[in-house]
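Visitor: Sending over a structure as structure tokens; questions will come in a sec.
Please treat every number below as a calculation from the coordinates, not as lab data. Note that this is a predicted model, so its numbers are computed, not measured. Because the Cβ atoms are built from the backbone with ideal geometry, glycine has one as well, and the counts that use them run over all protein chains shown.
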Amino acid sequence: MPVVSIRFSDEPLHQRLKDSAQLHEMGVSTLAERLIKEGLRMDAHPMIVFRDGPSGRRPVLVGGHEVADVIGAIVDGDVPVDQRRSRASKLLAVAEPLVDAALAYYADYTDEIDTDLATRARLADEVEASWLRQRALLER
């Protein structure tokens, strides 16, 4: 594992990093690595930010939708390929440049987004199965 030493010229910045690491219950190095990784991704994809959610940190469009939401609207379904961008734009009420930004991020991090989409599908199936079992109990 490569080791990098960082020298802070701003003591309050260093203290904020330490305070944030403590707040998030993680090591300073772990938080710094996450922030650098996310910062580099945001630098390459200016329309993408990262937010905490119920299932962890997620890439999100500056307009609010998670990248996986947009990609799910683009890649699935029986809509012709040349209409998928506009369909996703209308369905999610986001401008097409934001759809393009999600698609560009997906092109660079396909496996990560595909894993997220697969997890969502699995969880949805589990919730539906639970609901069906509960409904069956009520119908006895």
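Visitor: Calculate the FRET efficiency for Q134 and T110 from the Cβ-Cβ distance with a Förster distance of 30 Å, rounded to the nearest 0.05.
Guide: Efficiency, rounded to the nearest 0.05: 0.25.
Visitor: Under a 5 Å amide H to amide H cut-off, with H placed in plane at 1.01 Å, what residues pair with H45 once short-range neighbours are removed?
Guide: Under 5 Å from the amide H of H45: no residue qualifies.
Visitor: Translational diffusion coefficient of the range 1-44 at 37 °C, 0.692 mPa s, Stokes-Einstein with Kirkwood Rh over Cα pairs, in µm²/s as a whole number.
Guide: Once the numbers are plugged in, D ends up at 290 µm²/s.
Visitor: Compute, for the range 1-44, the length of the dipole vector about the Cα centre, with Cβ point charges of +1 (Lys, Arg) and -1 (Asp, Glu) only. Units Debye, rounded to 20.
Guide: Computed charge dipole of the range 1-44: roughly 100 debye.
Visitor: Okay, moving on. What is the set of long-range amide H partners of G64 at a cut-off below 5 Å, with H atoms built 1.01 Å from backbone N?
Guide: Hits under the 5 Å cutoff: none.
Visitor: Give me the one-decimal nm value for the distance between modelled label points at V81 and A93, 7 Å along each residue's Cα-to-Cβ direction.
Guide: 3.2
Visitor: Still on this structure: When the Karplus curve 6.51 cos²θ - 1.76 cosθ + 1.60 is applied with θ = phi - 60°, which whole-Hz ³J(HN,Hα) does each residue of the range 27-33 get, with x for Gly and Pro?
Guide: Values per residue, Gly and Pro as x: x, 4, 5, 4, 5, 4, 5 Hz.
Visitor: Pick out which of R57, R122, R16 has the largest mean-square fluctuation in a Gaussian network model of the chain, springs linking Cα atoms closer than 10 Å.
Guide: Judging by the Gaussian network model, the answer is R16.
Visitor: Another question about this same structure. Binned at 5 Å from 0, what are the whole-percent values of the Cα-Cα distance distribution for the range 38-79, short to long?
Guide: 6, 23, 26, 22, 14, 7, 3, 0
Visitor: Same structure, new question: Report, in degrees rounded to the nearest 10, the 0 to 90 angle that the Cα long axis of helix 96-108 makes with the longest principal axis of the chain.
Guide: Compared with the principal axis, the helix lies near 70 degrees.
Visitor: What's the Cα-based Rg to Rh of the range 46-133, Rh via Kirkwood?
Guide: Result: Rg/Rh = 1.00.
Visitor: A further question on this structure: Listed highest first by mean packing, meaning other Cβ atoms within 10 Å per residue, what order do 49-55, 61-67, 39-45, 6-12 come in?
Guide: Most protected by this proxy first, the peptides run 61-67, 39-45, 49-55, 6-12.
Visitor: Shifting gears a bit: Using the number of other C-beta atoms within 10 angstrom as an exposure proxy, rank M47, M1 with the fewest first.
Guide: M1, M47
Visitor: Tell me, what HN-Hα J-couplings in whole Hz come from the Karplus equation 6.51 cos²θ - 1.76 cosθ + 1.60 at θ = phi - 60° for each residue of the range 123-129, using x for Gly and Pro?
Guide: Once θ is set to phi - 60°, the couplings for the range 123-129 become 5, 5, 5, 5, 5, 5, 4 Hz.
Visitor: Please state the charge dipole magnitude for the chain, taken about the Cα centre, from unit charges on C-beta atoms (+1 on K and R, -1 on D and E), reported in debye and rounded to the nearest 20.
Guide: It works out to roughly 280 debye.
Visitor: Separate question: Using the Cα centre of the range 41-140 as origin and beta-carbon charges of +1 (Lys, Arg) and -1 (Asp, Glu), tell me which of I113, A93, S130 is placed farthest towards the positive end of the dipole.
Guide: Towards the positive end, the residue furthest out is S130.
Visitor: What whole number of Å gives the distance from the Cα centroid of the range 76-96 to the Cα centroid of the range 1-69?
Guide: If you average the Cα positions of each part, the centres end up 30 Å apart.
Visitor: Let me ask something additional. In deg cm²/dmol and to the nearest 500, what is the mean residue ellipticity at 222 nm of the chain if only DSSP H runs of at least 4 residues count, each as -39500 (n - 2.57), divided by the residue total?
Guide: -21000 deg cm²/dmol
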